[in-house]
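In what follows, a structure is listed as C-alpha cells, so that the remarks can point back to it.
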Amino acid sequence: MTTEAISEVVIEAPVIAAVAAQAARATPGVVRLEPGVRGLVSTLVRAGKQRLTNVDPAASEGVRVRKNAAGELSVQVDVVISAARAAAVVGHAVQQEVSRVVFEQTGQQVDEVSVSILDIEPERR
C-alpha cells in the first residue's frame, strides 16, 4: 500500500508582484514603474522588513497584489509611459503582458489587472 504525501505550493504576493513588475517594465511604451502614494507606504514597510531579515527581494515598486477571500487575484500597476504611444494602447498591453507572464511563471490566474498611468514623458530628441 502506497500513500502519497499531500503537499501545497504557495506563491506569496511579493513574488507575484515582482513577476508582474518585470512584465510591466518589459512592455513597449512603459518608461518605468512608479510606486504612487500607496506604494510608497508598502515600500517603506518592505524596506523595514528587509533590514530586519537581511533579505534583498526582487524589485516590485509600483505593483500591488491582492487575493480576496474567494481566491481571485488582483494586480494593480502604476506606470509612467512614453508620449510616443497612445496611453490606452500601452495600458491594455500592460494588462495583457502582466496576466500572461504571471500565469506562465507562477501558474496563478490573474483575474484583474488595473493600470494607473501616473505620467506621460515627452519624447527625447
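The values are calculated or read from the model by the stated rules, or taken from the named source; none is laboratory data. Source: prediction; values computed, not measured. Methodologically, a virtual Cβ is constructed for each residue, glycine included, from the backbone with ideal geometry; neighbour enumeration extends over all protein chains shown. Heavy atoms of the whole protein, side chains included, go into the accessibility calculation; ligands, DNA and RNA do not. Shrake-Rupley method; radii C 1.70, N 1.55, O 1.52, S 1.80 Å.
Brief remarks follow.
- Among (1) at pLDDT below 80; (2) touching a strand residue (DSSP E or B) at 6+ places or on another chain (Cβ under 6 Å); (3) among the acidic types (Asp, Glu) - the single one Glu34 does not satisfy: (1)
- Matching residues in region 86-117 - criterion: being at pLDDT 95 or above, surrounded by 12 or more Cβ atoms within 10 Å (Cβ to Cβ) and either touching a Leu at 6+ places or on another chain (Cβ under 9 Å) or charged (D, E, K, R) (or both): Glu97, Arg100, Val102, Val110, Asp111, Glu112
- Some residue of region 60-69 being farther than 20 Å from Val101 by Cβ, open to solvent by 50 Å² or more (accessible area, probe 1.4 Å) and at pLDDT below 95: yes
- Tally, over region 96-125, of residues that are among the basic types (Lys, Arg) and in contact (Cβ under 8 Å) with a residue 60 or more places away in the chain: 1
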